[in-house]
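The values are calculated or read from the model by the stated rules, or taken from the named source; none is laboratory data. These numbers were taken from a predicted model, which means no experiment stands behind them. Counting neighbours? That spans all protein chains shown, and the Cβs are built from the backbone with ideal geometry, glycine included.
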Amino acid sequence: MARKDKEADREYQARYYREHKDEKKRTTSTAVKNRYNKKTYTQISVSVKKDIAERYKAKCKADGITISEPLHKAINAYIGEDCVEEDSEE
């Protein structure tokens with residue numbers, strides 16, 4: 001391949017990457033997170049009255065914590081463990 005062709009190819013690749021990097025990153029990142037979460041975690045569901053859920057969410061927001069943090073603490077206290085997982089999702 002001629003030097004000019006190689007330079008043009010590198011420029012095209014760089015431009016393509018810049019234009020599509022967020023799109024690719026977001027898709028890959030989500031897929032990776034979903035696989036990791038499926039392998040590592042399980043969901044526990046609970047039903048509560050709507051007014052209790054609203055008050056609970058409001059209290060968590062006022063305290064500046066995620067809605068899962070008090071639940072993690074309660075579960076760990078119940079089973080006798082001291083660790084609380086940091087949860088970045090609401």
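Structure summary
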| read-out | value |
| --- | --- |
| Test: residue in the stretch 68-84 that is modelled with pLDDT of 85 or more and of a type in the set (Asp, Glu) | yes |
| The stretch 57-69, subset free of Cβ contacts under 8 Å to residues at least 12 places away in the same chain and assigned to a helix (DSSP H, G or I), residue surrounded by the fewest Cβ atoms within 10 Å (Cβ to Cβ) | Ala62 |
| Leading residue by the ranking (farthest from the chain's Cα centre (by Cα)) among those in the stretch 31-56 that are hydrophobic (A, V, I, L, M, F, W, C) and part of a helix (DSSP H, G or I) | Ile52 |
